[in-house]
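FYI, it's all coordinate maths here, none of it is from the lab. All values reported here derive from a predicted model rather than from experimental measurement. Here Cβ is always computed from backbone atoms with ideal geometry, including for glycine, and neighbour counts include all displayed protein chains.
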Amino acid sequence: MRYAALPAAVIGLAVVVAGAIYALQPAAPPEYPMPVGVPVSGSHLVDAHYCADCHGGKGQPTNASIPSLAGQQATFLYKNMLRFHHREGNIPNLRVTSMINVFPGLNSQQIADIASYYAAQKPVDAWPPVAGSEVAVARRLYLDGDSERQVVACQVCHGLNGRGDSARGTPALLHQSPGYALTYLQTVRASAPTDQAGQNAMHIETQHLTDDELKNLASYLATLTPKEGQP
């Protein structure tokens, strides 16, 4: 069977039409700077992707091993969610795979919407202290550090009240889930340096801290109240 050759003009017209259709498609929003998030849109996305199944309603988990997202810095959430979007992890963690399965299908505007939604929520209530922890000891370490061991006070970056710093992308620690906080501190201490400056700083700081001190800090963060400093 022989096929008739299409005239060059027809082929050219098809190329032009295809190009026009492609040009009409909305351009992907840039990743940086972070787009202005719309919390209402974020709430719909959170529902659509069943985020509450793990992180609880409004980012307030009841499981102490799941990170609390409510009241977290939007810029910090956005940065970490973008890593999942690019199929990268933030820290070695068993739950990273499930996160990576969700975010590649979202664009930067949608990710900003989710981050803004969680940032606008009230932080989870204080958790009970971790059994066997010494909160008073951790409080001194958080506020003053330990100059003899060259441990910088946590509040230098995270603030007196643990609310973090949106300008620097420093995460809030206020009422963070104690099990998750301890897992993170232990993991970042054991992990090799990465391409994340903040995580590398935490790796350096935690090298000087004992297992008991990490447990104490996780417990202190879980009970930290805004009255420790200015909001």
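When Lys and Arg each count +1 and Asp and Glu each count -1, what net charge do the other residues less than 11 Å away from ARG189, Cβ to Cβ, add up to?
Charge balance in the 11 Å sphere: -3.
Return the long-range amide H neighbours of THR170 (sequence gap of 5 or more, or a different chain), with a cut-off of under 5 Å between placed amide H atoms.
For THR170, whose amide H was placed from the backbone, the distant partners under 5 Å are ASP165.
In bins 10 Å wide, starting from 0, what share of all Cα pairs of region 88-168 does each bin hold, as a percent?
13, 27, 36, 20, 4
Using modelled amide H (1.01 Å from N, peptide plane; none on Pro or chain starts), what sits under 5 Å from the amide H of ALA120, excluding residues fewer than 5 places away?
Residues meeting the amide H criterion: GLY71.
If I stretch the segment between ALA197 and ARG87 completely, what's the gain in nm (0.36 nm per residue apart, minus their alpha carbon distance), one decimal?
So the extension gain works out to 37.7 nm.
Hey, rough spin-label estimate for TYR50 and ILE204, points 7 angstrom out along Cα→Cβ, what's it come to in nanometres?
Simple spin-label model gives 4.2 nm for this pair.
Going by amide H atoms built from the backbone, whose H comes under 5 Å of the H on VAL38, apart from near neighbours?
Sorted by chain and number, the residues that satisfy this are ASP113.
For the residue pair ARG168 and LEU143, what label-to-label distance in nm results when each label sits 7 Å from Cα along the Cα-to-beta-carbon direction?
Calculated label separation equals 2.0 nm.
For region 47-55, take each phi angle, set θ = phi - 60°, evaluate the Karplus expression 6.51 cos²θ - 1.76 cosθ + 1.60, and give the result in whole Hz per residue in order, putting x for glycine and proline.
5, 5, 9, 6, 4, 5, 4, 10, 8
What are the ³J(HN,Hα) couplings of region 57-72, residue after residue, when phi is run through the Karplus curve with 6.51, -1.76, 1.60 and θ = phi - 60°? Round to Hz, x for glycine and proline.
Each residue's phi maps through the Karplus curve to give x, 6, x, 10, x, 9, 8, 5, 8, 9, x, 7, 10, 5, x, 6 Hz.
Which percent of the Cα-Cα distances in region 75-223 go past 24 Å? Intermediate results must be reported in sequence, preceding the final value.
Values: 3668 of 11026 pairs.
Within region 75-223, distances greater than 24 Å cover 33 percent of Cα pairs.
Please turn the phi angles of region 146-162 into ³J(HN,Hα) values with the Karplus equation 6.51 cos²θ - 1.76 cosθ + 1.60 (θ = phi - 60°), one per residue in order, whole Hz, x for glycine and proline.
Whole-Hz 3J(HN,Hα) from phi for region 146-162: 8, 4, 5, 9, 6, 9, 6, 4, 4, 5, 4, 9, 9, x, 4, 9, x.
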